[in-house]
Amino acid sequence: MELANKKVGSFSSLISFSIFTYYTFWVIILPFVFSDHIIQQFFLPQEYVVLILVFATVVLLCFLSIFIGSVMLKSKKKKARYKYFRLFFSFNLVYMIQILFFVSFYHPPNIVYFHF
C-alpha cells in the first residue's frame, strides 16, 4: 500500500509541476517572444490565460465548498454537544463589539472640547 501511495504522490507532484511550469512559461515568458516564432504553436492565445485561471479558481472554490459542507453535515451530532459553549462565546463577542463601538464613538455632551 505504501508503494502505491508513493507512486500516486510522485505522479501527482509531476503533473502539478508540469502544469505550473507550462502556465508560468505561458504567462511570463511567452509575451516577449515574437508571434511568428515556432514555440507559439504549442500555446493557446493569451486571452485564455485569464479564462483558465478564473475557471480553475471557480472549480477549486466549488470543491472546497462541497468538502466543507460535507464535513459540517457529518459533524452535526458533535455540534449539539458544544451548543452552549458557542452560544456563550457568540453573546460575549457581540457584547464586546458593542462595548468597543460605544467607547470609541461616545462623547459626553457636557464636556467642551477645545481644538487648537
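Descriptive notes on the structure:
- Residue 35-residue 3 pseudo-label distance in nm [points 7 Å out on the Cα-to-Cβ vector]: 5.4
- In order along segment 19-28, phi translates into HN-Hα couplings of 5, 4, 5, 4, 5, 5, 4, 5, 7, 8 Hz, rounded to whole numbers, per the Karplus curve 6.51 cos²θ - 1.76 cosθ + 1.60 with θ = phi - 60° and x for Gly and Pro.
- Largest to smallest accessible area among 47, 2 [probe 1.4 Å]: 2, 47
- The phi torsions of segment 9-16, fed into the Karplus equation with coefficients 6.51, -1.76 and 1.60 and a -60° offset, translate into couplings of x, 5, 5, 5, 5, 5, 4, 4 Hz, rounded to whole numbers, with Gly and Pro shown as x.
- In order through segment 44-56: 3J(HN,Hα) via Karplus (6.51 cos²θ - 1.76 cosθ + 1.60), integer Hz, x for Gly, Pro: 6, x, 5, 5, 7, 4, 6, 4, 5, 5, 5, 4, 5
- Sites residue 27 and residue 65, calculated FRET efficiency, Cβ-Cβ separation with R0 25 Å, nearest 0.05: 0.40
- Sparse-neighbourhood loop sites, chymotrypsin sites (Phe, Trp or Tyr not before Pro) in segment 16-57 - DSSP loop, at most 10 other Cβ within 10 angstrom: 34
- Its residue count N fixes a reference of 2.2 N^0.38 Å for segment 1-82, and the Cα radius of gyration divided by that reference is 1.71.
The values are calculated or read from the model by the stated rules, or taken from the named source; none is laboratory data. No experiment lies behind these values; they were computed from the predicted model shown. No Cβ is skipped: glycine too gets one built from the backbone with ideal geometry, and neighbour counts run over all protein chains shown. Areas reflect the complete protein model, heavy atoms only, side chains present, ligands, DNA and RNA absent. Shrake-Rupley method; radii C 1.70, N 1.55, O 1.52, S 1.80 Å.
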